[in-house]
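Read-outs throughout are calculated quantities, based only on the coordinates presented, and are distinct from any laboratory measurement. As the structure is a computational prediction, the values presented were derived from the model and not from experiment. Neighbour counts are summed over all protein chains in view; Cβ atoms, including those assigned to glycine, are modelled from backbone coordinates with ideal geometry.
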Amino acid sequence: MRIYLDHNATTPVRPEVVEAMAAALRERWGNPSSTHAEGAAARAAVERAREQVAELVGASPREILFTSGATEANNTVLRGVLAGPRARHVVTTTVEHPSVDEPLRALEAEGVAVSRVPVGSDGRLDPEAVASALRDDTALLSVILANNETGVLQDAAKLAELAHARAIPLHLDATQAIGKLPVDAVALGADLLSGTAHKLNGPKGSGFLVDRARLALPALLQGGPQERRRRGGTENVAGIVGLGVACALARAELEDRHRHVSALRDALWDGIRARVPRVRRNGSAEHVLPNTLSVEFEGVAGEVLLEALDLDGVAVSAGAACHSGSIEPSPVLLAMGRTPEQARGSLRFSVGPSNDAAEVERVLALLPGLVARVREAGA
Ligand SMILES: Cc1ncc(COP(=O)(O)O)c(C=O)c1O
């Protein structure tokens, strides 16, 4: 049996989600825009899912815009707020996911000014530094709420306070936090918030944007009246239904999941620390997702250790999954002041609700020998 410890990359789809999606494909195949009974049945399924998403993230259903995932949600925000002749200034961080970083680089080439506030060695932002980056012409503050590589959390309420004092909207990429922690858009002060189904046991290719700001963002995809003209294209009904069920399950199980994964993650770190010499945890141990552990194994080529673990049946990640195949050191770890060698020696373990203590024990039994072997081979 394989041991999957890469839940920040993606998660297994829950049987309840598969069932609901299969039923939607069988029975709700109408076009939600059609006015006949078949269309109305599909529309009802989409609107039920909208309520389920809204309930999980503390928004009203009207504020939910369905997308193909968090990448599209992030692009919708950044392009919508910043593209065009009134393009001004945006404040973000040095540890964003590529789905924020790359659109911002493109916008920068089009003349938008981008300020990237650095994080400390613990991966956290200094609110003072954010405050001093905000300008009179700042159109948006966009921050990753929970980092995908380290799990480090930012103080969203504080950021909202700073942004709102200057009437600047706050966008949170909450993709990694949703389903792992309570994420309430109102409590966090988020005007815009991105999420995706596949990080919370839902399907890939289905996500959402919460738009509380009523900024009248132009549609990224034009070509139809869907989503109240905010996103053209016939809705992915089964994907949306799967997202809704995944959100409902997450809401019902949030506390249990938190308790379960944090106990496993802590046992993993305690075991690694006790059994493997020359290791260091990356990022704040206090302000962090309950399931995530980023560890630097000094003197180790992370990709070699990852491969050795994979051959022994354990799936983890070196840096972000989106970067796998390249052995570039993680920009997130570099931004936290790690050297390229330290970043290359780092692995991310991300636990999920379906893992158990026996799996953690098995990984702990394997790691010391594998690390010693990889260190020896590299020496
Ligand atoms: C923080 C963060 N933002 C955005 C994304 C992109 O989400 P999606 O795969 O739904 O486009 C991911 C997933 O890799 C992520 O971890």
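Here is how the numbers come out for the structure above:
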| item | result |
| --- | --- |
| Single match in Asn74, Asn8 (criterion: touching a helix residue (DSSP H, G or I) at 6+ places or on another chain (Cβ under 8 Å) and not in a helix (DSSP H, G or I)) | Asn8 |
| Checking Leu254 against (1) out of contact with any Pro (no Cβ under 8 Å at 6 or more places or on another chain); (2) crowded, with 16+ Cβ neighbours inside 10 Å, the condition it does not meet | (1) |
| Criterion: of a type outside the set (Asp, Glu) and away from the ligand (no atom under 16 Å from the Cβ) - qualifying residue of Ser194, Ser262 | Ser262 |
| Residues within the stretch 14-58 that are buried (at least 19 other Cβ atoms within 10 Å of the Cβ) and either within 16 Å of the ligand (Cβ to nearest atom) or part of a helix (DSSP H, G or I) (or both), tallied | 15 |
| Check on Pro290, outside any helix (DSSP H, G or I) and free of Cβ contacts under 8 Å to residues at least 12 places away in the same chain | no |
| Qualifying positions in the stretch 59-75 - of a type in the set (Gly, Ala, Ser) and either within 16 Å of the ligand (Cβ to nearest atom) or over 22 Å from Ala252 (Cβ atoms) (or both) | Ser68, Gly69, Ala70, Ala73 |
| Qualifying position, being in contact with a Gly (Cβ under 7 Å, 6 or more places away or on another chain) and farther than 19 Å from Leu140 by Cβ, among Ala73, Ala49, Ala45, Ala37 | Ala49 |
